[in-house]
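Here the structure is laid out as structure tokens; the discussion comes afterwards.
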Amino acid sequence: MGRRAADLLVECLEAEGVRMVFGIPGEETLDLSEALDRSSVTFVPVRHEQGGAYVADVLGRLTGRAGVALGTLGPGATNLVTAVADAYLDRAPLVVLTGQADLERMHKESHQYVDVVSLMRPVTKWNARVADPAIVPEAVRKAFAVAEQEKPGATHLELPEDVMAAEVPPDLGPMARKPPVRPEPADRELVRAAELIRSGRRVVCLAGNGVVRAGAAPALREFCRATGIPVAETFMAKGLVPADSVYALGATGLQAGDYTMAGFEEADVVVAVGYDLVEQAPRQWNPRADKTIVCVDSVPAEIDRFYDPAVELVGDIYHILLRLAEECRGQVSPGGSSRLRDVTTALLASARHDDRFPMHPARVLGEIRDLLRHSDVLVSDVGLHKLWIGRVFPAFEPQTTLIANGLAGMGFAVPAAIAAKLVRPDAQVVAVSGDGGFLMNVQELETAQRLGTSFVNVVWENQEFGSITWKQERRFGRHFGTEFTNPDFVRLAEAFGLAAWRVERPEELGERLRQALAAPVPSLVVVPVDYSVDVAVAEELGAATTAT
């Protein structure tokens, strides 16, 4: 057997620094699977393609290097779509590989054949069919380059079976990996931005996921110290400014009143840093479109009537923030209000003494926070618990509270926790799931056990799709179509080989969490939760603005 295109593709993955590929093998990827087996890249079989792509997605967002997921044609490819869309909207670098039928089958009806390239087009930054063995090096290099460039996201390569089996010449090899090019704003733009910030009467900052991706938390903190400007964070940016910092306004975006309580209504200048409209619509914090906006980001701003920056500083966010800090040091009139932070901090403190059972959501989060170091990781699935985590869970470092808030798909937490533990094996990792989202990727508990990723999955149980019940109650005064029953989660987890406990009284939770964190295997703690407590916290926060 000569050197095949599949062998060359794996050589290209090695040249990109890929260590793991997550997925499910198929008939049309036999050559690729065999080539992976002879390489330095470990193929990790998962139990559903969506789970594997979620693992690769979060590996990418934690490292900045694209994770890789593999599926076959037809149902293997369609199973990937939700997680691919998650990476696309959450700005996580991901390269997806799918097998496909021989080229000669694509012009006619054929078993399991669907046009996967067209299917992936709306949820990828770039995707292509590798129709010629000679283009493998170019296609792989482009897939990784585009996935990792700002704003990062998903790319896709379709690999027809006959193309992957074809022989390639010995002189055809991988292309060299190159760092992405970063632009730099002109000096006059920096001067103009500094003038606007210095001239503001009440200046606030809104920081988003782009600051996390840029590794620019130290620069943002220096910007705060130099200027006194306080920072509100999006859910995905939690921890950029420590929750106990005097510059922390809290996490905004759950409700319309968040921004009022954080002082945005009185602000005349908003410095938006790494802000992504996919998380929070600017209409919520600039409803009259009358604020002067200074945009600091890695790419030009999205066009929006309520987000029309007076100046855009596009480039290396870290460097730009440090230059602005020097230009504005001691010459700014900071705005902002501590009201939102005070309300949520007080709720968390008061809930520590709440002995209701089922448990107060904030007490559960307080108990988890007490047992985690600032560098440990909390992963949130999607549901009403996500709103509680976004609202009250204190974060002190970036990428220690992982929340999917672009696509916001349920079933995210278990695969994400696997990735977090693979990337940060020395960290304690806790995944919080609702009983609705937990069963959507429960099969990956087998993957977690096989890989030895010993995270703790805390399942909040209330036998409802809680966030929809909450919204229905607020709009209609009743709820409907949201209730279900559950299996015995403890026995289910034990069947996967996990250590598992069910909390029966509030005072048990701390001890069960300590046992789970000490377990040498993945573990599960089931906590009945009382969602009658309104996550809105205070009437002045207004109506909800997020869907999940």
Residue count for region 96-142, restricted to those that are closer than 21 Å to G52 by Cα and touching a residue at least 60 places away in the same chain (Cβ under 8 Å): 6
Which condition from (1) within 14 Å of E444 (Cβ to Cβ); (2) touching a Pro at 6+ places or on another chain (Cβ under 8 Å) is the one that H48 breaks? (2)
Take the conditions in the same structural domain as A83 (by TED's automatic domain parsing) and crowded, with 18+ Cβ neighbours inside 10 Å and apply them to E233. Does it pass? no
Given (1) crowded, with 16+ Cβ neighbours inside 10 Å; (2) in contact with a helix residue (DSSP H, G or I) (Cβ under 9 Å, 6 or more places away or on another chain); (3) at pLDDT below 95; (4) not in a loop (DSSP other than H, G, I, E, B), index of the condition L524 fails: (3)
Subset of region 406-415 [under 23 Å from Y275 (Cα atoms) and buried (at least 24 other Cβ atoms within 10 Å of the Cβ)]: F412
May I ask you to verify whether D102 is in contact with an Asp or Glu (Cβ under 9 Å, 6 or more places away or on another chain), at pLDDT 95 or above and charged (D, E, K, R)? no
What are the residue pairs meeting all of these: first residue in region 370-381, first residue at negative phi, second residue part of a loop (DSSP other than H, G, I, E, B) and of a type in the set (F, W, Y), Cβ atoms under 7 Å, and 6 or more apart or on different chains? H374/F396; L378/F393; D381/F412
If we keep just the residues of region 282-316 that are at pLDDT 95 or above and among the polar types (S, T, N, Q), which is surrounded by the fewest Cβ atoms within 10 Å (Cβ to Cβ)? T292
What residue, among those in region 408-447 that are hydrophobic (A, V, I, L, M, F, W, C) and assigned to a strand (DSSP E or B), is farthest from P358 (Cα to Cα)? V429
Screening R129, R192 for residues that are in the same structural domain as Y318 (by TED's automatic domain parsing) and modelled with pLDDT of 95 or more leaves only R192
Looking at W460, W388, which one is in contact with a His (Cβ under 7 Å, 6 or more places away or on another chain), surrounded by 24 or more Cβ atoms within 10 Å (Cβ to Cβ) and of a type outside the set (S, T, N, Q)? W460
Can you list the helices (runs of 4 or more DSSP H) lying wholly within region 97-173 that have 2 or more residues being aromatic (F, W, Y)? none
Need the failing condition index for R201 against (1) assigned by TED's automatic domain parsing to the domain that holds C328; (2) assigned to a loop (DSSP other than H, G, I, E, B); (3) in contact with a helix residue (DSSP H, G or I) (Cβ under 9 Å, 6 or more places away or on another chain), just the number. (3)
Quick one: which residue in A92, A69 is in a loop (DSSP other than H, G, I, E, B) and within 20 Å of L119 (Cβ to Cβ)? A92
Unique residue being touching a residue at least 60 places away in the same chain (Cβ under 8 Å), surrounded by 14 or more Cβ atoms within 10 Å (Cβ to Cβ), touching a strand residue (DSSP E or B) at 6+ places or on another chain (Cβ under 6 Å) and of a type outside the set (D, E) when the list is A493, A516: A516
Kindly indicate whether E473 is assigned by TED's automatic domain parsing to the domain that holds V527, without any contact (Cβ under 8 Å) to a residue 12 or more places away in the chain and either more than 22 Å from Y54 (Cα to Cα) or not in a loop (DSSP other than H, G, I, E, B) (or both). yes
So, in region 113-149, of the ones that are among the β-branched types (V, I, T) and surrounded by fewer than 22 Cβ atoms within 10 Å (Cβ to Cβ), which residue ends up nearest to the chain's Cα centre (by Cα)? V146
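The values are calculated or read from the model by the stated rules, or taken from the named source; none is laboratory data. The shown structure was predicted, so the numbers you read here are calculated from the model rather than taken from an experiment. Methodologically, a virtual Cβ is constructed for each residue, glycine included, from the backbone with ideal geometry; neighbour enumeration extends over all protein chains shown.
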